[in-house]
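Asks: Below you'll find the structure I mean.
Just so it is clear, none of the values below were taken in a lab; they were calculated from the coordinates. No experiment lies behind these values; they were computed from the predicted model shown. Glycine also receives a Cβ, built like all others from the backbone with ideal geometry; neighbour counts cover every protein chain displayed.
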Amino acid sequence: MDKVLINYYSSNVWICGETYESLIWNDKTTEKPTEEELNIKWAELKKEQMREKRNELLKECDFKFVSDYPHSSDEKKQEWLSYRQSLRDFPSVWEEGMEYPLKPE
């Protein structure tokens, strides 16, 4: 819960405990978010983190697609193309705990 509060409510005044019930909301400008609102924000934050990791994985293999990169075979090139497509499609199929697509060897 503290990551959500820091990320989305850093300008508000609150004291975070271990549970929602222990969250002390001292902010006079806004109401304390509901537990459901915090859970929605937590899901958004996790999806954002997944996208950041996915983007890193895409960047790590960008060099394989410069025009003069030597692929050992057309089959190997196709494996990398498929991997990159899987990474681009990943956010639409992602569920919490799901592993990222495997990088070709």
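Asks: Structure shown: which of Lys41/Lys103; Lys46/Lys77; Lys47/Lys103; Lys53/Lys77; Lys41/Lys64; Lys3/Lys53 lie over 27 Å apart, alpha-carbon to alpha-carbon? Walk me through the numbers on the way to the answer.
Replies: Numbers: Lys41/Lys103 30 Å; Lys46/Lys77 32 Å; Lys47/Lys103 21 Å; Lys53/Lys77 23 Å; Lys41/Lys64 36 Å; Lys3/Lys53 17 Å.
From Lys41/Lys103; Lys46/Lys77; Lys47/Lys103; Lys53/Lys77; Lys41/Lys64; Lys3/Lys53, over 27 Å: Lys41/Lys103; Lys46/Lys77; Lys41/Lys64.
Asks: Per residue Cα convex hull volume for the range 51-105, in cubic angstrom? List each step's numbers first, then the result.
Replies: On the way: hull volume 4.2 nm³, N = 55.
Cα-based convex hull of the range 51-105, divided per residue, equals 77 Å³.
Asks: If you plug each phi of the range 12-23 into the Karplus form 6.51 cos²θ - 1.76 cosθ + 1.60 with θ = phi - 60°, what whole-Hz ³J(HN,Hα) values come out, in order, with x for Gly and Pro?
Replies: 8, 10, 7, 10, 9, x, 7, 10, 4, 4, 8, 6
Asks: Rounded to whole Å and ordered largest first, report the semi-axes of the equivalent ellipsoid of the chain derived from its Cα gyration tensor (root of 5λ). Before the final figure, lay out each step's value.
Replies: On the way: eigenvalues 368, 33, 17 Å².
Semi-axes from the Cα gyration tensor: 43, 13, 9 Å.
Asks: With a cap of 10 neighbouring Cβ atoms within 10 Å, and only residues DSSP puts in a loop, list the GluC sites (Glu not before Pro) found in the range 1-81.
Replies: Values: sites: Glu18, Glu21, Glu31, Glu35, Glu36, Glu37, Glu44, Glu48, Glu52, Glu56, Glu60, Glu75, Glu79; in loops: Glu18, Glu21, Glu31.
Answer in residue order: Glu18, Glu21, Glu31.
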